[in-house]
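For reference, the structure is listed below as structure tokens.
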Amino acid sequence: MSSQLVKMSKEMFEKRKSDPTLRERMRAAAKGQSPRFLLISSMDHSQQDLQLLSLEQGDAFHATRVPRKPLMSASQSPFLFGGPAAYSSHFADRTGVIVTFEAAESDGVIQASLKAVSSHPDLKGVPLVALRADYEAGTARLVPHGLGRSYEVENLLMSRVRRPLPNDETTLVVICSDSRVEPPPTPRGVPMAIQCLGGYIPRFSGDADETSVLNEFFATWLSMPLKERHLIIVAHGDFEGEGQSCGAGMASIHPNEVHSAILKHVIGRIDEDARRFENRPPSTPEERVQSIARATQANLMTYPAIQSVLGSRASLESLIETVLMDTVTNRMQELQTS
């Protein structure tokens, strides 16, 4: 699958080059990022949400929620939610926090999730937009709440709703929260995605935290009657020489310079795990993100649900693959194993 995605990313780049608006987006991405939104999506609708709301490169920084589970607090979910939300506080043009839910999700899941968002110290005062989405129909409706709304922002987003491409349940991508990167569509639609700082997934802890609900998701996904499954780890950076590196990757090289308590914990763990795959300090952020990708692959293998596939597969290499993505062009290349 990784070779297919690499090919499709190059085709997508050629289409983007021919579109003046998207060319301008890439020029802006080469200078940095200043996303207007923090988008908190369920893993199975992360990429669909961008299309649903007509969001383009640079528009939304990402955090992740496990499907049909309430968003955990920042302390229980530092890697999927707490860290990305804290990182987003650095952006000057924040317009709102968007949280999406399937149309059939319970009120309990929605209310608990909105409480987690409103309790995050770095999201205080930022308008919160909650949406119930019907992805097949391409519709959405607002969820009323009393946690800080902006009718102007809500109206803007509702005016942009459109039908996204189908969801490809066979492919799960682990990729950075960065607003400038997104995996290309697969031959079946858009992939599911876990979007987190540096594309880093922590080891399974065995505690009642985000790794526990992640393991539940993996167990469900791996037991689905699918003919194939692909888990793609995407490490992004300046791999074409004229763009931007991964911010989390850069921060993890100098973790002592991070002052936010939530971010310091996340970035420190990323640094600690990445160093296990380095013989010397990385000379560039691009070297570091490749170590982060290797750490993430090793960490994924600590999840009981993923370990269980060892009994039915000769090697996990057929399940987990790693690719590199340029931050600006989003063109991908396969990670060399040597």
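The values are calculated or read from the model by the stated rules, or taken from the named source; none is laboratory data. No experiment lies behind these values; they were computed from the predicted model shown. Neighbour counts run over all protein chains shown; Cβ positions are idealised from the backbone, glycine included.
Listed values, structure above:
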read-out	value
Complete set of residues in the range 157-171 that are touching a residue at least 12 places away in the same chain (Cβ under 8 Å) and assigned to a loop (DSSP other than H, G, I, E, B)	ARG160, VAL161, ARG162, ARG163, PRO164, LEU165, PRO166
Residues that are closer than 25 Å to GLN76 by Cβ, of a type in the set (S, T, N, Q) and touching a Lys or Arg at 6+ places or on another chain (Cβ under 9 Å), drawn from the range 244-262	SER252
Which listed residue, of ALA63, ALA85, is in contact with a helix residue (DSSP H, G or I) (Cβ under 8 Å, 6 or more places away or on another chain), under 19 Å from GLU216 (Cβ atoms) and of a type in the set (A, V, I, L, M, F, W, C)	ALA63
Any hit, the range 231-241, residues being surrounded by fewer than 19 Cβ atoms within 10 Å (Cβ to Cβ), modelled with pLDDT under 95 and of a type outside the set (Phe, Trp, Tyr)	yes
Criterion violated by LEU5 - all others in (1) at pLDDT below 95; (2) buried (at least 22 other Cβ atoms within 10 Å of the Cβ); (3) out of contact with any Lys or Arg (no Cβ under 6 Å at 6 or more places or on another chain); (4) closer than 21 Å to GLY247 by Cβ satisfied	(4)
Single unsatisfied condition, LEU38 versus (1) of a type in the set (A, V, I, L, M); (2) over 14 Å from the mean Cα position of the chain (by Cα); (3) surrounded by 22 or more Cβ atoms within 10 Å (Cβ to Cβ)	(2)
Selection status of SER260, hydroxyl-bearing (Ser, Thr, Tyr) and buried (at least 20 other Cβ atoms within 10 Å of the Cβ)	no
Residue that is surrounded by the most Cβ atoms within 10 Å (Cβ to Cβ) [pool: residues in the range 208-221 that are of a type in the set (A, V, I, L, M) and under 24 Å from GLU182 (Cβ atoms)]	LEU214
Single residue of the range 268-308 satisfying the filter (surrounded by fewer than 19 Cβ atoms within 10 Å (Cβ to Cβ), part of a helix (DSSP H, G or I) and small (Gly, Ala, Ser)) that is modelled with the lowest pLDDT	SER308
Residue in the range 144-156 that is more than 18 Å from PHE61 (Cβ to Cβ) and touching a residue at least 40 places away in the same chain (Cβ under 8 Å) present	no
Tally of residues being surrounded by fewer than 24 Cβ atoms within 10 Å (Cβ to Cβ) and not acidic (Asp, Glu) across the range 47-56	4
Top-ranked residue in the range 172-207 [being among the hydrophobic types (A, V, I, L, M, F, W, C) and not in a strand (DSSP E or B); ranked as surrounded by the fewest Cβ atoms within 10 Å (Cβ to Cβ)]	PHE204
